[in-house]
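Colleague: My structure is below; once you've seen it, I'll send some questions.
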Amino acid sequence: QKEVEQNSGPLSVPEGAIASLNCTYSDRGSQSFFWYRQYSGKSPELIMSIYSNGDKEDGRFTAQLNKASQYVSLLIRDSQPSDSATYLCAVNMNTDKLIFGTGTRLQVFP
Amino acid sequence: DAGVIQSPRHEVTEMGQEVTLRCKPISGHDYLFWYRQTMMRGLELLIYFNNNVPIDDSGMPEDRFSAKMPNASFSTLKIQPSEPRDSAVYFCASSTTSGGPTDTQYFGPGTRLTVL
């Protein structure tokens, strides 16, 4: 079992819809969770971090964490073509390093 | 405020040659990470440093890979000899911890390495 798992996609949604990206992780003791966005040919950039169970909202982005189910998700409301990218889930498993998933490719079509 | 700086941005070399990748972390950050990204394996951590000291190099694939951090503002990743399977994008990232788990990692632009 991979430590951090994501569906590779592509996830295709129409402009204006809600995109839902999911991630599961193996270490129940994990404490911090991150979503990075990576445009093609560019470096990953942080868009959200979450540390506590529940929802955390930042503009059109909402991160959801459920530690009991070892599940973290990212919702993107009012999806725009500019949101088309690969979204990487990263988990800090009580060490100084992040374990990254392989990413979900999101395509938002007009 | 300058971000993480990497050089070169692109490197094309022939099998057997030595390759040196360079990274300057964000000033004040005490963690530095080297990653490799390929389509097949995604983003893999190779090694990371804390206060210039290597902490975990379990991701370094072989003895052909070595990394150093002689001071807080500079790190190198060296491959000697290089092989075609080393072709990938190599990212450097830095972060700071303030009393807790690893904080946000800021990535450099990456070095795209092609070994012919």
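The values are calculated or read from the model by the stated rules, or taken from the named source; none is laboratory data. Because the structure is predicted, anything quoted here is derived from the model rather than measured. A quick note on method: Cβ atoms are made from the backbone with ideal geometry, for glycine too, and the neighbour counts reach across all protein chains shown.
Colleague: Just to be sure I understand, how many residues within region A:90-106 are over 17 Å from residue A:29 (Cβ atoms), crowded, with 21+ Cβ neighbours inside 10 Å and touching an Asp or Glu at 6+ places or on another chain (Cβ under 9 Å)?
Modeller: Count: 3.
Colleague: Let me ask something else about it. Can you name the residue in region A:14-56 that is away from chain B (no Cβ under 12 Å) and of a type in the set (Gly, Ala, Ser) and is also nearest to residue B:42 (Cα to Cα) among such residues?
Modeller: This residue is A:26.
Colleague: Let me ask something else about it. List the strands (runs of 3 or more DSSP E) inside region A:1-72, counting only whole elements, that have at least 1 residues being of a type in the set (Asp, Glu) and surrounded by fewer than 12 Cβ atoms within 10 Å (Cβ to Cβ).
Modeller: Hits in region A:1-72: A:54-58.
Colleague: Taking the residues in region A:74-98 that are at the interface with chain B (Cβ under 9 Å from one of its Cβ atoms) and within 13 Å of the chain's Cα centre (by Cα) as candidates, determine which candidate is farthest from residue B:46 (Cα to Cα).
Modeller: A:88
Colleague: Which residues, taken from region B:33-46, are touching a residue at least 24 places away in the same chain (Cβ under 8 Å) and facing chain A (nearest Cβ under 10 Å)?
Modeller: Scanning region B:33-46 gives B:33, B:35, B:37, B:43.
Colleague: Six or more apart or on different chains, Cβ atoms under 8 Å: show the pairs whose first residue is in region B:16-28 and over 14 Å from residue B:49 (Cβ atoms) and whose second is modelled with pLDDT under 95 and of a type in the set (A, V, I, L, M, F, W, C).
Modeller: Filtered contacts from region B:16-28: B:27/B:2.
Let's see how each residue does on (1) within 18 Å of residue A:90 (Cα to Cα); (2) touching a Pro at 6+ places or on another chain (Cβ under 9 Å); (3) in contact (Cβ under 8 Å) with a residue 60 or more places away in the chain; (4) surrounded by 21 or more Cβ atoms within 10 Å (Cβ to Cβ):
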{"residue": "B:31", "(1), (2), (3), (4)": "yes, yes, yes, no"}
{"residue": "B:63", "(1), (2), (3), (4)": "no, no, no, no"}
{"residue": "B:71", "(1), (2), (3), (4)": "no, no, no, no"}
{"residue": "B:80", "(1), (2), (3), (4)": "no, no, yes, no"}
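Colleague: Hey, among the residues in region A:71-110 that are modelled with pLDDT of 95 or more and polar (S, T, N, Q), which one's nearest to residue A:35 (Cα to Cα)?
Modeller: Filtering region A:71-110 for residues that are modelled with pLDDT of 95 or more and polar (S, T, N, Q), the one nearest to residue A:35 (Cα to Cα) comes out as A:73.
Colleague: Check whether at least one residue in region B:63-80 is farther than 19 Å from residue B:3 by Cα and among the hydroxyl-bearing types (Ser, Thr, Tyr), and report yes or no.
Modeller: Yes, region B:63-80 contains a residue that is farther than 19 Å from residue B:3 by Cα and among the hydroxyl-bearing types (Ser, Thr, Tyr).
Colleague: Then there's this: Can you tell me which of (1) of a type in the set (A, V, I, L, M); (2) out of contact with any helix residue (DSSP H, G or I) (no Cβ under 7 Å at 6 or more places or on another chain); (3) closer than 14 Å to residue B:86 by Cβ is the one residue B:4 doesn't meet?
Modeller: (3)
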